[in-house]
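S.K.: This is the structure, below, for whatever I ask next.
The values are calculated or read from the model by the stated rules, or taken from the named source; none is laboratory data. On a predicted model such as this, the values are computed, not experimentally measured, just so you know. Backbone-built Cβ (ideal geometry, glycine too); neighbour counts: all protein chains shown. Heavy atoms of the whole protein, side chains included, go into the accessibility calculation; ligands, DNA and RNA do not. Shrake-Rupley method; radii C 1.70, N 1.55, O 1.52, S 1.80 Å.
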Amino acid sequence: MADSKVKRYQRQMVTDTVMCLLKNLPVVRTPEEIVRQELFQRLLASGYSKNNLLLDSTFLGYDGQVFSADVIALEQETVLHVAPLLVISIKKPSHQFNYNWLQKFQFSGAKYIAWFNGKEFKIFAYTSEEYKEIPPFLPNYNELLAPSNNESFRLKSSLRPGYNLKQILSNLHDHLYGNSNIRIPSRLGIEIQKILLIKKFDEEQSRLTCKFCIAQHELPTGLNGDKKILPESFHSVGSRVRDLAANHDCLNIEQKIGIIELDDPSIYYAVFHLEGISLSRTPSDVLGDALETFRSVTIKREGGQFFTHRYVIDLALHIVGFNGEEEQTLADISCGTSGFLHRAKNIIIDSAKQRGILSEKEQTELASNLLLGVEIDHDLVQISNTSPEFSKLPKSIVEEHDSLSPFSQWSDSLSDRLAPNSRAFSVGNPPFGTKITIKNLHVLKEFSLAHAWTKKEGRWVESSKIVPRSPDVLFIERNLSLLIPGKGRMALVVPYQILSGPKEGFVREWIMASCKVLAIIDLPEETFQPYTGTKGALLVVERRLQPNPQWETELPYPIFMACPQKIGHDRRGKPIFKHNNSAEVDTDLPEIADAFDAHLNDKNPTEVSQNAFLISSTVIKRETDIRLNAAYYRPSSSDLRSQIASIVESNTSLTVTSLGDLVDDIFYPGRFKRDYTEVLEDSVPFLGGSNITELIPITKKRILKESSYYQTLALKKGWILITRSGTTGIVSTVPSDWEGYAASEHLIRIIPNPQKLHPGYLCAYLRSEIGQNLLRDGIFGSVVDEINCSYIASIPVLHPKNLEEANKIGEQIARADVLRAEASKLIADASSAIENFIR
C-alpha cells in the first residue's frame, strides 16, 4: 500500500514539475514558472550565456541601493553585481502591467529593464537620464554591449523569428480597429498585410540595417498618460514605410502593394510592434498559422462571411485527393480570404521538395500555374493578393469577378486562366446561410438548377421555367462545369439543407445524375459558431463522363460517410483542448481523414473512427427523397430499422406498419398573420412547441374563435402533436382540456385511426427510445432542425398483430391523459381559491 502511494506521489511530481533551462534541475510547474522557462528559452536563443545571467538575485544601483529582479544580465566576467545590462521582472499570465512598476528601477543604473507575463513584453532603455519605452522585443546580447546612437537603425542581425506573431497580429488589429483612420475590418486587414509585405521586402534588401524600424530619436518620450510622440517622428517613420512600398512596386510589377491608406500614427504603431521580428526567418508553419488566424479574425469581424476552419480545409483537400502533383490544377471560385488556396499552396511546395524541386522560383511558378481563385468582393480579393504567403507568386492568385456570370462575360484575364472542363479539382465554401437569391435572368439561364423542377412519378424532372435560386445551389453546378469530365473532383462545403431537405430533392437528383458521390461528411454543429448557427456538410464527388439519369440502376460502389463530433471549439468559439495543460486542440477531423485512408486501402473505416462508415450507392433511393446527409445512413439508424425487421421475422406475434398507413392524416397548417388578442371572451389560448410538455400551458397569446384561420389551428382531443422545427421531435397528445385550443404551425398534427391502432400506443411508440431515434434520423435543415410529414408517415411502427395487446399499452397513455387533465383542473382550482382571498 505504501509503495503504491510512493509511486503515485512520484508520478504526480513528474507531472507537476518542469526542467529549468538555466539550472538543469526540475522546478515546480506553475503559471509563472511556465513564463520563466519561455523567457529563458528566448534569452539563450538571443546569445545570452548561463554564466552571465543571475536568477532571483540582487544588484547595486546608484548610491549603493540594493535592487532585486527575477533575471539579471551582466557583462562577461563581471565580479560586482552593478550596472546590469538588462533586468527582467517575470509575472504570471493574469498579471496586468502598470507603469508605476518603473519607479522602483528609476535609480537602478540598468541599461535596459523589462517586464514579461508570457503574453505582453514591455522593455525600456535608459537614455538621456530617463527610461524610454522601446519596441517590445528582447535585444540580443551583443546589442546590449553596443553604445547608444541617437540616429541608429535596428541591425538586421538582431531580428528574431516571430514565434509569437499570432499574438502580435491580434493585438495590432485590436488596437488599429479602435484607433486608426480605418475602421472597416476587411480594409484594415488589407492594410496590415501591406505592412507585412513591406517589412518582408525590407528584410530582403542587402543593407545591414532596417528601414522598417523606430530610430532612437523617434522613440516616445514620457510614460503611460504622459507618453508623447513628436509629429515629425510619425512623419519620418511613415515616410520610410511609404518609400519602401514604392521601391517594392518598382521591382514587382505583377504584385504591387499600391497606396498605403493607414495614417502615419497607425503606421508608427505597426512598425513599433513588428520591427524586431523576422518574417523571413519565421518557420513557414508558424507564419502561415499566424496569418490564417489573423485573416479569420479580420473577416469574422466584418460579419456575414464564413471563414472555413483549417481542419475542414485539410480534410476536404485530403479526401478529394489533392497532393500537389504537376497536373493537379485546382480552382476555388468563391475563395473569400483564400483559405483553401493557402493550404493547397503548402501542399504543392511540400510535394515539389519531395520531387527534388528546391528552387523557390520553380516552386512558386508551379503553385501559380496550378492554383486560381475567383472572388467577387474587392476587399476579399485584396486580402488574398496582399497576403505575404503569395508575395512571390509571378501572378496574382485571385481574379476579381462574379464567377456565376455567363462564361461569355468573363474577362479575358480570367478566361485565359480558367475555362469549362479544364480543372482537375474544384474546392471551396460558397456563400450560404443567407436569404440572398440570384434573380438575374442572364445568369440563371446558364444553369439547369435554376429551372423549376417538379416531381413526376417519384422522380424530379426539370421544366423550362426559370426561377430565382440561392447562390449555394448554383455554385454546385458551376464548380462541376469547370471539372474535366470523367475524372475531375469537387469538394464543397454545402448547407446541410441541400443534402437533407425535402424541397432540395431536385438538387440531389441533379447531383446523382451528374456525379459519382465519393464522400459525405456531416460537419460538427459548432463549425461555424459563434458567428452563425448554420450547419454544413462536406460533399466530395467525381464528375461523370456523361450524365446518367438512370443512376439508380447502375452497379453499386462504396460511398464514405462520417459524422465527426469535434471541431476544436465550443458554441462560443472558445478553443477546446484534449487535456487541461495541453495545447493540442480537441478535434476528430484528422481521425476522419485516417478513416478515409483505411477505406482506400480496402479496410473498415469504422475500425479507425467509430464516426466513419461506408454505404453502398444502391441504398440512396428516390423513394427516400435521395437523402445524402451522413446522419441518415449512420449504422445506428440502419441497425435500428434492421433490428425491427429481424424482430418481426423471429416473433410472429409482432408486425411492422408504416405510420402513415395507421392514421387518417398527418399535417400542419400553413403560415398565417398572427393577430393575437387580449380579449378573454370568445378567444382561446395559442400554444407553441414549448407548451405541449407543460401540465398547465403558460401562454399569454390568444386567438379569437371568429378568426378566419381559427379552424385550421384548432386542436381536437386525442390527436398526437410533434414539434417539427427548432427542438424537433417532442411528442404529446391533446388532452380533453385542450380541446379547441389553437396551436402553432410548427406543430405537426397526427389524426389517429383507433380502428387500425390505439392512439395511445402510437403516442407511446413515438415517445419511446425507438421512436425518438427514428424521428431524429429524419431531421434536416441548415439553420433550424426540421422534420416533415412525409418522413413521419414513413416511420416503421412495430406493434402486436393482436389489437387487444396494443390496446392494453395504449390504454395506459389514455389513462395518463385523463389523470393529466384531472391534475390540471385540481391545480387550477387550488390557485383560484387562493386568488379569491384578495378579490
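S.K.: Within the stretch 213-224, can you find the residues that are at negative phi, open to solvent by 10 Å² or more (accessible area, probe 1.4 Å) and either part of a helix (DSSP H, G or I) or in contact with a helix residue (DSSP H, G or I) (Cβ under 6 Å, 6 or more places away or on another chain) (or both)?
M.R.: I214, Q216, H217, L223
S.K.: Can you list the helices (runs of 4 or more DSSP H) found entirely within the stretch 307-407 that contain at least 2 residues being open to solvent by 10 Å² or more (accessible area, probe 1.4 Å) and of a type in the set (K, R)?
M.R.: Hits in the stretch 307-407: 339-354.
This table checks each residue for (1) of a type in the set (G, A, S); (2) out of contact with any strand residue (DSSP E or B) (no Cβ under 6 Å at 6 or more places or on another chain); (3) surrounded by fewer than 18 Cβ atoms within 10 Å (Cβ to Cβ).
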position: F672; (1), (2), (3): no, yes, yes
position: T677; (1), (2), (3): no, no, yes
position: E681; (1), (2), (3): no, yes, yes
position: V684; (1), (2), (3): no, no, no
position: T699; (1), (2), (3): no, no, yes
position: K716; (1), (2), (3): no, yes, yes
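S.K.: If you don't mind, there's one more thing I want to ask. Could you pull out the residue among F212, F201 that is touching a His at 6+ places or on another chain (Cβ under 6 Å), modelled with pLDDT of 90 or more and under 20 Å from H273 (Cβ atoms)?
M.R.: Selected residue: F201, the only one of F212, F201 that is touching a His at 6+ places or on another chain (Cβ under 6 Å), modelled with pLDDT of 90 or more and under 20 Å from H273 (Cβ atoms).
S.K.: Here's something else I'd like to know. Residue by residue through the stretch 605-628, note down the ones that are basic (K, R) and surrounded by fewer than 17 Cβ atoms within 10 Å (Cβ to Cβ).
M.R.: Within the stretch 605-628, just K621 meets the criteria.
S.K.: Within the stretch 541-560, is even one residue open to solvent by less than 40 Å² (accessible area, probe 1.4 Å) and either small (G, A, S) or closer than 23 Å to E786 by Cβ (or both)?
M.R.: no
S.K.: Within the stretch 225-257, take every residue that is open to solvent by less than 100 Å² (accessible area, probe 1.4 Å) and among the β-branched types (V, I, T) and give me the one that is modelled with the lowest pLDDT.
M.R.: Of everything passing the filter in the stretch 225-257, I257 is modelled with the lowest pLDDT.
S.K.: Tell me the helices (runs of 4 or more DSSP H) entirely within the stretch 584-683 that contain at least 1 residues that are farther than 25 Å from G501 by Cβ.
M.R.: Once the helices (runs of 4 or more DSSP H) in the stretch 584-683 are filtered for at least 1 residues that are farther than 25 Å from G501 by Cβ, what remains is 589-600, 635-650.
S.K.: Can you name the condition, by its number, that L523 falls short on among (1) closer than 26 Å to G324 by Cα; (2) modelled with pLDDT under 95; (3) in contact with an Asp or Glu (Cβ under 8 Å, 6 or more places away or on another chain)?
M.R.: Evaluating L523 over (1) closer than 26 Å to G324 by Cα; (2) modelled with pLDDT under 95; (3) in contact with an Asp or Glu (Cβ under 8 Å, 6 or more places away or on another chain) leaves (3) as the failure.
S.K.: Of all residues in the stretch 351-409, count the ones that are among the hydroxyl-bearing types (S, T, Y) and free of Cβ contacts under 8 Å to residues at least 40 places away in the same chain.
M.R.: Selection size over the stretch 351-409: 6.
S.K.: Can you tell me which residues in the stretch 794-839 are aliphatic (A, V, I, L, M), closer than 30 Å to E745 by Cβ and open to solvent by 30 Å² or more (accessible area, probe 1.4 Å)?
M.R.: I813, A814, A816, V818, L819, A823, I827, A828
S.K.: Filter the stretch 408-449 down to the residues that are assigned to a loop (DSSP other than H, G, I, E, B) and among the hydrophobic types (A, V, I, L, M, F, W, C) and list them by number.
M.R.: Answer for the stretch 408-449, where residues must be assigned to a loop (DSSP other than H, G, I, E, B) and among the hydrophobic types (A, V, I, L, M, F, W, C): W410, L418, A419, A424, F432, I436, F447.
S.K.: May I ask you to verify whether D16 is out of contact with any Cys (no Cβ under 9 Å at 6 or more places or on another chain), surrounded by fewer than 17 Cβ atoms within 10 Å (Cβ to Cβ) and farther than 27 Å from P135 by Cα?
M.R.: Details: out of contact with any Cys (no Cβ under 9 Å at 6 or more places or on another chain): yes; surrounded by fewer than 17 Cβ atoms within 10 Å (Cβ to Cβ): yes; farther than 27 Å from P135 by Cα: yes.
When the stated conditions are applied, D16 passes them.
S.K.: Is it the case, given these coordinates, that L22 is open to solvent by less than 50 Å² (accessible area, probe 1.4 Å) and either at pLDDT below 85 or in a loop (DSSP other than H, G, I, E, B) (or both)? Spell out the reasoning first.
M.R.: Values: open to solvent by less than 50 Å² (accessible area, probe 1.4 Å): yes; either at pLDDT below 85 or in a loop (DSSP other than H, G, I, E, B) (or both): yes.
So L22 fits the description; yes.
S.K.: So in the stretch 310-348, with the set limited to residues that are among the β-branched types (V, I, T) and farther than 20 Å from L358 by Cα, which one is nearest to the chain's Cα centre (by Cα)?
M.R.: The extreme case among them is V312.
S.K.: Across the stretch 747-758, what is the number of residues that are in a loop (DSSP other than H, G, I, E, B), open to solvent by 30 Å² or more (accessible area, probe 1.4 Å) and either touching a residue at least 60 places away in the same chain (Cβ under 8 Å) or basic (K, R) (or both)?
M.R.: Here the count works out to 1.
S.K.: Write out, first by first residue and then by second, each pair whose Cβ atoms fall under 7 Å of each other, whose residues are 6+ apart or on separate chains, and whose first residue, in the stretch 733-746, is under 20 Å from G670 (Cβ atoms) while the second is of a type in the set (D, E, K, R) and surrounded by 20 or more Cβ atoms within 10 Å (Cβ to Cβ).
M.R.: H746/R724
S.K.: What number of residues within the stretch 261-277 satisfy the criterion of being open to solvent by less than 10 Å² (accessible area, probe 1.4 Å) and either out of contact with any Asp or Glu (no Cβ under 6 Å at 6 or more places or on another chain) or aromatic (F, W, Y) (or both)?
M.R.: Total satisfying the criteria: 9.
S.K.: How many residues does the stretch 466-489 contain that are at pLDDT 95 or above, charged (D, E, K, R) and assigned to a strand (DSSP E or B)?
M.R.: Residues in the stretch 466-489 being at pLDDT 95 or above, charged (D, E, K, R) and assigned to a strand (DSSP E or B): 1 in total.
S.K.: Can you give me the number of residues within the stretch 563-579 that are open to solvent by 90 Å² or more (accessible area, probe 1.4 Å) and acidic (D, E)?
M.R.: Count: 0.
S.K.: Within the stretch 121-175, how many residues turn out to be among the charged types (D, E, K, R), closer than 18 Å to F212 by Cβ and modelled with pLDDT of 85 or more?
M.R.: Initially, the stretch 121-175 is screened for residues among the charged types (D, E, K, R), giving 122, 129-130, 132-133, 143, 151, 154, 156, 160, 166, 174.
Keeping just the survivors that are closer than 18 Å to F212 by Cβ gives 143, 151, 154, 156, 160.
Still in the running and modelled with pLDDT of 85 or more: 154, 156, 160.
Looking only at that region, the number is 3.
S.K.: Anything in the stretch 684-712 that is more than 22 Å from D829 (Cα to Cα) and in a loop (DSSP other than H, G, I, E, B)? List them, or say none.
M.R.: Matches in the stretch 684-712: G688, K705, E706, S707, S708, Y709.
S.K.: So which of I198, I190, I168, I229 ends up being more than 20 Å from G288 (Cα to Cα) and among the aliphatic types (A, V, I, L, M)?
M.R.: I229
S.K.: Moving to a separate point now. Which residues, taken from the stretch 62-96, are on the phi > 0 side of the Ramachandran plot and surrounded by 12 or more Cβ atoms within 10 Å (Cβ to Cβ)? Spell out the reasoning first.
M.R.: Of the stretch 62-96, the ones on the phi > 0 side of the Ramachandran plot are 63-64, 77, 83.
Listed by number, the list holds a single entry, A83.
S.K.: Which numbered condition in (1) of a type outside the set (K, R); (2) at pLDDT below 85; (3) open to solvent by 30 Å² or more (accessible area, probe 1.4 Å); (4) not in a loop (DSSP other than H, G, I, E, B) is the only one that D56 fails?
M.R.: Answer for D56: the failing condition is (2).
S.K.: Suppose the filter is in contact (Cβ under 8 Å) with a residue 40 or more places away in the chain, basic (K, R) and assigned by the TED database to the domain that holds N788; does R671 pass it? Reasoning before the result, please.
M.R.: Numbers: in contact (Cβ under 8 Å) with a residue 40 or more places away in the chain: yes; basic (K, R): yes; assigned by the TED database to the domain that holds N788: yes.
In short, yes.
S.K.: Looking for something modelled with pLDDT under 90 and open to solvent by 80 Å² or more (accessible area, probe 1.4 Å) - is there at least one such residue anywhere in the stretch 596-604?
M.R.: Among the residues of the stretch 596-604, not one is modelled with pLDDT under 90 and open to solvent by 80 Å² or more (accessible area, probe 1.4 Å), which makes the answer no.
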